[in-house]
Amino acid sequence: MPVMHGGLCFDHTYMHPRLDPLGDVMRLVYYEHRGNGRSGRPPWEKLHFRQLCADADALREHLGFEKVSVWATLWAALSRWSTRCATLSGSSASSCSTPYPPSTTGREVEANARRKRATQEQLEALSDDEDDEEFRRAWKLLEPLYFHTYDAALADRVLTKIVFSIEANKAQAAFLEGWVPRPAWARSTRRRSSSSATTTSCALPPRRGGCTRNIPNSELVVFERSGHLPWLEEPEAFFGAVREWLRRT
């Protein structure tokens, strides 16, 4: 199962090794998209969305798998996958400031942050950052808003290794121009071969539940006491839901 990090701008470390318990039912392969994390930094003007999808498919081929399941969070869950994908699972949540999905406006982001009772300092941190270090400082301010119940010690253990890429963050709006969540998800399933048993599970905010109406054989799972990272805040419910989904598919 290729494990795709979200962002653009983050890396695999907020998922590894916390998703490793799924290794008892799947082989997990964590990697980082071009321009993100520890991967190379090619010029963003030469990259496009299909390139990252092609990268993922090339990884599948390199590993020698005919079919794979994909676990993707946030932005990566929009991936347009090939007919080699047997199952696709996405996870996200209505956390404060995430530029999620690509159609989310700055006004929506701020409104969501205010609903989470963001401080003035946190609201100011939503503004554009100039470099990776400034982005990291802003992230630390905003971090509590990504949780249902913030645990600073847990966040430090899980999130301090992230290698941020401000260039990736700045590039994503133009990078995803023309791609919106529901048509992209629906397109990825309609193009599958008739022999491909594509089933999608997505853990999204209820107001975004429209994704399940546009994807055949899809399922919506809501984690009531989780923010952006349900495998951290509700691990038992999260792993139970994913294992059950994998068992059925």
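The values are calculated or read from the model by the stated rules, or taken from the named source; none is laboratory data. Remember, predicted model here, so these are calculated numbers, not experimental data. Heads up, the Cβs are rebuilt from the backbone with ideal geometry, glycines too, and the neighbour counts pull from every protein chain shown.
Here are the numbers for the structure shown:
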| read-out | value |
| --- | --- |
| GLY6 more than 16 Å from TRP231 (Cα to Cα), of a type outside the set (A, V, I, L, M) and crowded, with 21+ Cβ neighbours inside 10 Å | no |
| Residue list for the range 120-150, filter: within 16 Å of GLY106 (Cα to Cα), of a type in the set (Asp, Glu) and within 20 Å of the chain's Cα centre (by Cα) | none |
| Any hit, the range 1-10, residues being farther than 28 Å from PHE135 by Cα and either modelled with pLDDT under 90 or among the hydrophobic types (A, V, I, L, M, F, W, C) (or both) | yes |
| Failed item, numbered, when ARG187 is tested on (1) touching a Lys or Arg at 6+ places or on another chain (Cβ under 8 Å); (2) closer than 23 Å to ASN112 by Cα; (3) at pLDDT below 90 | (2) |
| Residue tally, condition surrounded by fewer than 17 Cβ atoms within 10 Å (Cβ to Cβ) and under 23 Å from GLU143 (Cβ atoms), over the range 19-38 | 2 |
| Elements of type helices (runs of 4 or more DSSP H) in the range 35-127, at least 3 residues being modelled with pLDDT of 80 or more and small (Gly, Ala, Ser) | 49-63 |
